[in-house]
Amino acid sequence: MELFTIRRRSNWADTAELEAAAAKSSAEGEKMSDEVRWIRSYVVEETDGRLGTLCVYEATSPEAIRRHAGNTGMSADEITKVADTVVVREDPVTV
């Protein structure tokens with residue numbers, strides 16, 4: 001598998017919607033575990049006030065990510081293959 005980032009823009013009105021989508025995504029990911037693996041997501045406040053995410057996934061291909069997104073009812077607005085990782089500091093425990 002290769003590492004990808006997925007940008008999902010303005011998908012959720014609030015954290016309750018986001019949590020429901022995350023649960024659905026996790027369940028679908030278990031069914032597709034040989035093709036897609038969710039690593040982490042950063043939740044962002046969009047300019048329209050809605051929530052979006054920047055997600056990090058391992059996947060066999062962008063198409064597998066699109067199938068996973070489609071099966072969960074989420075967008076995958078941008079899928080980009082990660083070329084390398086530079087860690088200056090670990091992620092903070094609380095944001």
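Residues that are touching a helix residue (DSSP H, G or I) at 6+ places or on another chain (Cβ under 8 Å) and surrounded by fewer than 14 Cβ atoms within 10 Å (Cβ to Cβ) occur at least once in the stretch 63-73.
When the residues of the stretch 74-95 are filtered to those that are of a type in the set (A, V, I, L, M) and over 20 Å from residue 24 (Cβ atoms), which remaining residue is surrounded by the most Cβ atoms within 10 Å (Cβ to Cβ)?
Within the stretch 74-95, the first condition is being of a type in the set (A, V, I, L, M), and the residues that meet it are 74, 76, 79, 82-83, 86-88, 93, 95.
With the extra rule that they be over 20 Å from residue 24 (Cβ atoms), the set shrinks to 82-83, 86-88, 93, 95.
Values: 82: 12, 83: 6, 86: 4, 87: 6, 88: 4, 93: 5, 95: 6.
Looking at residues that are of a type in the set (A, V, I, L, M) and over 20 Å from residue 24 (Cβ atoms), I get 82.
Determine, yes or no, whether residue 23 is part of a helix (DSSP H, G or I), open to solvent by less than 80 Å² (accessible area, probe 1.4 Å) and either touching an Asp or Glu at 6+ places or on another chain (Cβ under 8 Å) or basic (Lys, Arg) (or both). Even if it seems obvious, please write down each step before you answer.
Values: part of a helix (DSSP H, G or I): yes; open to solvent by less than 80 Å² (accessible area, probe 1.4 Å): yes; either touching an Asp or Glu at 6+ places or on another chain (Cβ under 8 Å) or basic (Lys, Arg) (or both): no.
No; evaluated as a whole, the condition is false for this residue.
The residue that is farthest from residue 18 (Cα to Cα), counting only those in the stretch 59-81 that are in a strand (DSSP E or B) and not β-branched (Val, Ile, Thr), is 81.
Can you tell which of 44, 87, 93, 56 is in contact with a strand residue (DSSP E or B) (Cβ under 8 Å, 6 or more places away or on another chain), without any contact (Cβ under 8 Å) to a residue 12 or more places away in the chain and either of a type outside the set (S, T, N, Q) or not in a helix (DSSP H, G or I) (or both)? Walk me through how you get there before you give the answer.
Values: 87 fails: in contact with a strand residue (DSSP E or B) (Cβ under 8 Å, 6 or more places away or on another chain); 93 fails: in contact with a strand residue (DSSP E or B) (Cβ under 8 Å, 6 or more places away or on another chain); 56 fails: without any contact (Cβ under 8 Å) to a residue 12 or more places away in the chain.
Going through 44, 87, 93, 56 in turn, just one is in contact with a strand residue (DSSP E or B) (Cβ under 8 Å, 6 or more places away or on another chain), without any contact (Cβ under 8 Å) to a residue 12 or more places away in the chain and either of a type outside the set (S, T, N, Q) or not in a helix (DSSP H, G or I) (or both): 44.
The values are calculated or read from the model by the stated rules, or taken from the named source; none is laboratory data. Quantities reported herein were computed from a predicted structural model and do not represent experimental measurements. Virtual Cβ from ideal backbone geometry, glycine too; neighbours counted across all protein chains shown. Protein only, heavy atoms only, side chains kept; ligands, DNA and RNA dropped before computing areas. Shrake-Rupley method; radii C 1.70, N 1.55, O 1.52, S 1.80 Å.
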